[in-house]
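J.: Below is one structure. I have some questions about it.
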Amino acid sequence: MTSAFYRHHKVGWLAVLLCVLSAITALSRETVPLDNWRFALSEATNAPAATGFDDAAWENVKLPHTWNTFDGELGDKHYFRGTGWYRTHFKLPPEAAHQRVLLEFDGASLVAEVFVNGQRLGEHTGGFARFRFDATDAVNFSGDNLVAVRVNNARTDFIPRNGDFTIFGGLYRPARILLTSPAHIATLDHASPGVFLTTTNVSTANADVAARIELANDAAKNFPGSVRVTVNSPAGDKIISKSEKVAISAMGATEIRLTFSIPHPHLWNGVADPFVYEATVELLDRNGKIVDSVSQPLGLRAFEVKPDAGFFLNGAHVPLHGVNRHQTWPDKGWAIGANDMK
């Protein structure tokens, strides 16, 4: 074979390698749903074990799920409040080898203890908030992974201690795997989006917006890059975009603040006109490639309460009437979906 052949194919393989490395650098976050689980209403102490534990006799369930679907309709003294176990398996996509791996639960009532491949990730207390655990150091990137979750809805010292409603137990909201790049918009601040938007001086003429963005870097080297905030209309038209350079130290965290104004905004006006923009926050590397992004709704409105006159929205008086919404549906309990909510 000639040297020209080697030169040609060397260049070809180099191009492929550069494309692969570019793709790795540009990986943004993605999610993998965890819908199907095995479930047992028992205190199965060996359930976290990755091997040597047989859950074949357990019930197959899909999330959202509660073990009080029917007995929960009988009243406070007549339904089970205790421990249930959930187990599921998953495999990671190839690109996950270059990402952080988190488990994300939208709700578990009331206490959830989470294990991956037998390793305890932590415990979350409270039945009504999303929570996340970083599982990167516990997962197998090339094979099978086991998630085991112990959920308990027994009476405790935290709210709600009691009430005129059933405290349904279980993983009653969806769960998923969340993959992010090592440098990312923060994920572990109480499972918040890491993006906080505050509006001031809102009128039909102008609206000022302050964006506070939490950032984290779990890599062993510093991350130089930039943050870009873009506001789009519901139709996808760009209203405004602003960016600023940022540096995140190795294994460190920081936050950045951006302010911008939107001239002649379309105001959110309650049920009469519930208009919202979309604010997308992107973290870019030094070459301008997006490594992470988060989108949030942005409603622009001014409001005030006058003791002698009531509530005013965008300068107009609005009579307010209170509504109490319970997340309970007959024969489903708290394990409801989007259609039930609508």
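The values are calculated or read from the model by the stated rules, or taken from the named source; none is laboratory data. Computed from a predicted model, the values in this text were never measured in an experiment. Using ideal geometry, Cβ is built from the backbone for each residue, glycine included, and neighbour counts are taken over all protein chains shown. Side chains are part of the model used for accessible areas, which takes the heavy atoms of the whole protein and leaves out ligands, DNA and RNA. Shrake-Rupley method; radii C 1.70, N 1.55, O 1.52, S 1.80 Å.
J.: Read phi for every residue in region 154-170 and hand back ³J(HN,Hα) as whole Hz from Karplus 6.51 cos²θ - 1.76 cosθ + 1.60, θ = phi - 60°, with x for Gly and Pro.
T.: After applying 6.51 cos²θ - 1.76 cosθ + 1.60, I find 5, 5, 9, 8, 9, 6, x, 6, 6, x, 8, 9, 7, 8, 5, x, x Hz.
J.: Quick check: Cα centre of region 173-202 to Cα centre of region 55-123, how many Å?
T.: First find each Cα centre; the distance between them is then 22 Å.
J.: Compute for region 224-342: radius of gyration divided by Kirkwood radius, i.e. Rg/Rh, restricted to C-alpha atoms, rounded to two decimals.
T.: Working: Rg = 20.0 Å, Rh = 18.2 Å.
That ratio equals 1.10.
J.: Another question, if that's okay. Tally Lys and Arg at +1 and Asp and Glu at -1 over the other residues with C-beta under 14 Å from the C-beta of PHE105: what net charge comes out? Could you put the intermediate results ahead of the total?
T.: Numbers: positive: ARG130, ARG132, ARG150, ARG173, ARG176; negative: ASP35, GLU104, ASP106, GLU113, GLU123, ASP134.
Combined, the nearby Lys, Arg, Asp and Glu give -1.
J.: Given the peptides 240-251, 285-296, arrange them by the average over their residues of other C-beta atoms within 10 Å, most packed first. Could you put the intermediate results ahead of the total?
T.: On the way: 240-251: 14.5, 285-296: 16.4.
With the highest mean Cβ count within 10 Å placed first, the list reads 285-296, 240-251.
J.: Output wanted: per-residue J couplings in Hz (rounded whole) for region 172-188, from phi through Karplus 6.51 cos²θ - 1.76 cosθ + 1.60, θ = phi - 60°, x for Gly and Pro.
T.: 3J(HN,Hα) across region 172-188, in whole Hz: 8, 10, x, 9, 7, 8, 10, 10, 10, 6, x, 8, 7, 5, 3, 10, 10.
J.: Mind ranking 171-179, 202-210 by how tightly packed they are, going by the mean number of other C-beta atoms within 10 angstrom, highest first?
T.: Working: 171-179: 22.0, 202-210: 16.0.
Result, highest mean Cβ count within 10 Å first: 171-179, 202-210.
J.: Quick one: which residues, 5 or more positions from THR136 or on another chain, have an amide H under 5 Å from its amide H? H modelled 1.01 Å from N in the peptide plane, none for Pro or chain starts.
T.: Result for THR136 returns VAL101.
J.: If you plug each phi of region 323-339 into the Karplus form 6.51 cos²θ - 1.76 cosθ + 1.60 with θ = phi - 60°, what whole-Hz ³J(HN,Hα) values come out, in order, with x for Gly and Pro?
T.: Whole-Hz 3J(HN,Hα) from phi for region 323-339: 9, 10, 10, 8, 8, 10, 9, x, 6, 10, x, 7, 7, 10, x, 4, 5.
J.: Once you have the Kirkwood Rh of region 61-162 from its Cα pairs, apply Stokes-Einstein at 20 °C and 1.002 mPa s and quote D in µm²/s. Could the numbers behind the result be given before it?
T.: On the way: Rh = 15.1 Å.
In µm²/s, the coefficient rounds to 142.
J.: A further question follows. Would you compute the Debye intensity of region 161-310 from its alpha-carbon atoms alone, equal scatterers and no solvent, and pass along log10 I(q)/I(0) at q = 0.19, 0.21 Å⁻¹ to two decimals?
T.: Log-scaled intensity ratios, in q order: -1.11, -1.23.
J.: Rounded to the nearest 500, what is the chain's calculated 222 nm mean residue ellipticity when only DSSP H runs of at least 4 contribute -39500 (n - 2.57) each, over all residues?
T.: On the way: 2 runs with 27 residues, N = 342.
Helices in the chain give a 222 nm mean residue ellipticity of -2500 deg cm²/dmol.
J.: Per the 1.4 Å probe, what fraction of the accessible area of region 121-168, in percent, lies on carbon and sulfur atoms?
T.: On the way: 1060 of 2360 Å².
Here carbon and sulfur together make up 45 percent of the probe-accessible area.
J.: Amide H of GLY122: which non-local residues (sequence gap of 5 or more, or other chain) have their own amide H closer than 5 Å, using H built in the peptide plane?
T.: Distant-sequence amide H within range of GLY122: VAL114.
J.: If every alpha-carbon in the chain counts as one equal scatterer, what log10 I(q)/I(0) does Debye give at q = 0.14, 0.15, 0.16 1/Å?
T.: So the normalised log intensities are -1.22, -1.28, -1.32.
J.: I'd like to compare 270-278, 155-163, 131-139: which one has the highest average count of other Cβ atoms within 10 Å, and what's the full order after that? Write out the running numbers ahead of the final one.
T.: Details: 270-278: 13.2, 155-163: 10.2, 131-139: 18.7.
Output ranking for 270-278, 155-163, 131-139: 131-139, 270-278, 155-163.
J.: For a quick check, take a GNM of the chain with Cα springs below 10 Å and name the residue from ASP237, ASP331, ASP35 with the largest mean-square fluctuation.
T.: Residue with maximal mean-square fluctuation among ASP237, ASP331, ASP35: ASP237.
J.: Accessible area per residue for the chain in Å², computed with a 1.4 Å probe and the full protein assembly in place, what is it?
T.: On the way: 18490 Å² over 342 residues.
Result: 54 Å² per residue.
J.: Of the residues VAL195, VAL114, VAL318, which exhibits the maximal mean-square fluctuation in a Gaussian network model of the chain defined by a 10 Å Cα contact cut-off?
T.: VAL318
J.: Starting from the amide H of GLY82, placed 1.01 Å from N in the peptide plane, find each other amide H under 5 Å away whose residue is 5 or more places distant or on another chain.
T.: Hits under the 5 Å cutoff: ASN153, ALA154.
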